[in-house]
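Notes follow the structure.
The values are calculated or read from the model by the stated rules, or taken from the named source; none is laboratory data. As the structure is a computational prediction, the values presented were derived from the model and not from experiment. Glycine also receives a Cβ, built like all others from the backbone with ideal geometry; neighbour counts cover every protein chain displayed.
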Amino acid sequence: MASTYNLIASYTVTTAVNYITFASIPSTYTDLVLVVGGSNTANDYGGFYIRFNNTDYSSTITGRRIRWSGSFATDSSKEASWPLAQYSTTSAKSFAEYYIPNYSTSSTPKSANFIGGSPDQSYVLYNNVWWSGTDAITTIDVGIYDAATNKFTTNSSAYLYGISNA
Amino acid sequence: MTTETYNKVIVNCSTGEQEIMPLTKLEIDQVKADIVKADAERATQKAEEKRIADLKISAKAKLIAGEPLTEEEANLLVI
């Protein structure tokens, strides 16, 4: 069971950037939690992605996308091929939280549980992601994948927490 | 005409230092490729959403008229 969240680092975008890199992540925790609140300039498509150790490990995504109208779900579909969150305006950011267990161990594939969504697009997503890479995670890139400029706009933010599970 | 700039911010978790740096040519090429790919996926997504919406309209009209549904239309209505 998770104990205390310790803030390792955070960043709030002041100049649009293509991605935010958390480097030299200490190995002193057992799990990581990455919280992202962000927006981009694409009008109707896009999402966050994360990458470990500057390497595009192959990945497998399973999960669901739920789209709602009013107060009830009206549609759902498998989310395997989708980006992890949707565009939103600067006033209604998309959000995402990744739980990354056992990030500092080596020789085991890395994974993350993800929940996120977009108020503008009326989506909530929840996914599990598995990466082929087995190295300890020391660097995480957080990026935006879209059909415009692939940039986080001003006031987007990312927070990286460490958790020690005794 | 403006020139698009490509950059990233590196947050050093050990020192707390934050530095905005330009992307390498390799990274820029990847960003550009991602944009093209995303645009194609977006077009596919939009087409599929419209196809599903049209199917629902068709299914509703057939139900009201008492006409048989196609299997795909029926699948939209049955979970």
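Name the residue that is nearest to residue A:145 (Cα to Cα), counting only residues in segment B:15-51 that are in contact (Cβ under 8 Å) with a residue 12 or more places away in the chain and more than 8 Å from chain A (Cβ to nearest Cβ). Selected residue: B:28.
Using the structure shown, decide if residue A:18 is closer than 22 Å to residue B:29 by Cα, buried (at least 18 other Cβ atoms within 10 Å of the Cβ) and within 10 Å of another protein chain (Cβ to nearest Cβ).
Working: closer than 22 Å to residue B:29 by Cα: yes; buried (at least 18 other Cβ atoms within 10 Å of the Cβ): yes; within 10 Å of another protein chain (Cβ to nearest Cβ): yes.
Here the answer is yes, as residue A:18 does meet what is asked.
Close contacts from segment A:3-29, counting a first residue that is at pLDDT 95 or above and a second that is basic (Lys, Arg), with Cβ to Cβ under 6 Å and a gap of 6+ residues or different chains, come to A:21/B:8.
Considering each of B:63, B:55 in turn, give the residue that is among the hydrophobic types (A, V, I, L, M, F, W, C) and away from chain A (no Cβ under 13 Å).
Numbers: B:55 fails: away from chain A (no Cβ under 13 Å).
Exactly one of B:63, B:55 is among the hydrophobic types (A, V, I, L, M, F, W, C) and away from chain A (no Cβ under 13 Å), namely B:63.
Applying the set (1) farther than 30 Å from residue A:56 by Cα; (2) within 12 Å of another protein chain (Cβ to nearest Cβ) to residue B:70 leaves exactly one unmet item: (2). Of all residues in segment A:30-66, those satisfying the criterion of being at pLDDT below 80, buried (at least 22 other Cβ atoms within 10 Å of the Cβ) and not in a loop (DSSP other than H, G, I, E, B) are A:46, A:47. Filtered by the rule that a residue be away from chain B (no Cβ under 11 Å), over 17 Å from residue A:12 (Cβ atoms) and of a type in the set (S, T, N, Q), segment A:122-160 gives A:122, A:127, A:128, A:132, A:134.
For residue B:50, state whether it is under 23 Å from residue A:9 (Cβ atoms) and either part of a helix (DSSP H, G or I) or under 27 Å from the mean Cα position of the chain (by Cα) (or both).
Numbers: under 23 Å from residue A:9 (Cβ atoms): no; either part of a helix (DSSP H, G or I) or under 27 Å from the mean Cα position of the chain (by Cα) (or both): yes.
So residue B:50 fails the test.
In the set B:15, B:44, only one residue is farther than 30 Å from residue A:28 by Cβ and either part of a helix (DSSP H, G or I) or of a type in the set (S, T, N, Q) (or both); that residue is B:44.
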